[in-house]
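Below: one structure, written as structure tokens.
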Amino acid sequence: MFDTHTHLCHRSFRADREQTFERAREAGVNLMLEISWDLRSSEETVRFAEEHEGVWVAAGYHPHDAKDAPGNYLQRLEALAKHPKVKAIGEIGLDYYRDLSPRDVQKRVFAEQIELAGELKLPMVIHCRNAMDEVLPIVEEHGYWRGVFHSAAADKEQADKIVQMGFYLGINGTITYNGKRAKSWIPLIPRERLLIETDCPYLTPVPHRGERNEPGYVRYVAEAVADVLETSVEEIAELTESNGRNLFDIEA
Ligand code: NI
């Protein structure tokens, strides 16, 4: 299985990162995309990936941290992104739910990183919370439409639009929370655009909700997707791994 959104370099894994990684391996997670949120974490995730087979990296500035991006952050990200373990720019986007950076700064840093991803021909991992009406026009305007909308909290109309533009959708543990409404649009997404992810340590799926999330729990997401699509976990595991390899250009 390919967990396409992990934060094992988050401080909550500091004490047991290796054990968590091993548990994921035992649970059948052979691939992970480790997601960064600023320059320091981008360096850390690259180091972690260098030491672990099957771990790949998205480097970038999260909207929460956009306000702290130094003046030369684009040059530094670009240099980092040339590392062979870096397969995406992310996570980038807008978060108008927590608003931890001023909105104009979020928009500028997002737009600049879309440009960077386009220049480097790397897919983007897009974070969008309470801001879909602003994210879509910014992406459209920049004309570079390769990547995944992670934690896809979209309604049907937005999901349609995202798919039409060529993006993938990342499904995570929230699919196990609230019944039918959140899942109703999943069967409408072309199967070759579906990815699964944990976003660990956040968004822990049932039956572990309330605990810290970890990559091994991506199995519960695969089970929920299999349930909605009335197919087997094995098929979803295989499908989403192959989709992830395609998007992030990782050879089998
Ligand atoms: Ni994340």
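The values are calculated or read from the model by the stated rules, or taken from the named source; none is laboratory data. Model, not experiment: these values are computed from the prediction. Don't worry about glycine lacking a Cβ; one is built from the backbone with ideal geometry, like all the others, and counts go over all protein chains shown.
Checked against the criterion of being touching an Asp or Glu at 6+ places or on another chain (Cβ under 8 Å), at pLDDT 95 or above and of a type in the set (S, T, N, Q), region 199-213 has at least one qualifying residue.
The set of residues from region 1-14 being touching a Gly at 6+ places or on another chain (Cβ under 9 Å) and more than 16 Å from the ligand (Cβ to nearest atom) comprises just one member, Met1. The set of residues in region 210-252 being basic (Lys, Arg) and within 26 Å of Leu188 (Cβ to Cβ) consists of Arg219, Arg245.
A single entry from Arg17, Arg23 fulfils the requirement of being over 20 Å from Phe248 (Cα atoms), touching a helix residue (DSSP H, G or I) at 6+ places or on another chain (Cβ under 6 Å) and more than 16 Å from the ligand (Cβ to nearest atom): Arg23. Looking at region 215-252, which of the residues that are more than 19 Å from the chain's Cα centre (by Cα) and among the small types (Gly, Ala, Ser) is surrounded by the most Cβ atoms within 10 Å (Cβ to Cβ)? Among residues in region 215-252 that are more than 19 Å from the chain's Cα centre (by Cα) and among the small types (Gly, Ala, Ser), the one surrounded by the most Cβ atoms within 10 Å (Cβ to Cβ) is Ala226. When you check Phe149 against the structure, is it without any contact (Cβ under 8 Å) to a residue 24 or more places away in the chain and buried (at least 22 other Cβ atoms within 10 Å of the Cβ), yes or no? Taking the combined requirement at face value, the residue satisfies it.
The lone criterion from (1) within 15 Å of the ligand (Cβ to nearest atom); (2) of a type outside the set (D, E, K, R); (3) not in a helix (DSSP H, G or I) left unmet by Ala66 is number (3). Considering region 191-245, and only residues there that are β-branched (Val, Ile, Thr) and more than 24 Å from Val163 (Cβ to Cβ), the residue that is nearest to the ligand (Cβ to nearest atom) turns out to be Thr204.
Against the criterion of being of a type outside the set (S, T, N, Q) and either surrounded by 15 or more Cβ atoms within 10 Å (Cβ to Cβ) or in contact with a Leu (Cβ under 7 Å, 6 or more places away or on another chain) (or both), Glu119 does not qualify. Screening region 130-150 for residues that are part of a loop (DSSP other than H, G, I, E, B) and more than 16 Å from the ligand (Cβ to nearest atom) and picking the one that is nearest to Met32 (Cα to Cα) gives Arg146. Scanning region 28-62 for residues that are surrounded by fewer than 16 Cβ atoms within 10 Å (Cβ to Cβ) and either of a type outside the set (Asp, Glu) or within 23 Å of Ala79 (Cβ to Cβ) (or both) yields Gly28, Asn30, Arg40, Arg47, Glu50, Glu51, Gly54. If you check Tyr73 against the conditions, is it buried (at least 24 other Cβ atoms within 10 Å of the Cβ), in contact with a helix residue (DSSP H, G or I) (Cβ under 7 Å, 6 or more places away or on another chain) and farther than 30 Å from Glu234 by Cβ? Taking the combined requirement at face value, the residue does not satisfy it. Annotation for region 235-242: no member residue is touching a residue at least 40 places away in the same chain (Cβ under 8 Å), touching a strand residue (DSSP E or B) at 6+ places or on another chain (Cβ under 9 Å) and part of a loop (DSSP other than H, G, I, E, B). Of all residues in region 151-189, those satisfying the criterion of being assigned to a loop (DSSP other than H, G, I, E, B), modelled with pLDDT of 90 or more and closer than 18 Å to Phe2 by Cα are Phe167, Asn172.
Against the criterion of being loosely packed, with under 15 Cβ neighbours inside 10 Å and either within 16 Å of the ligand (Cβ to nearest atom) or modelled with pLDDT of 95 or more (or both), Leu100 qualifies.
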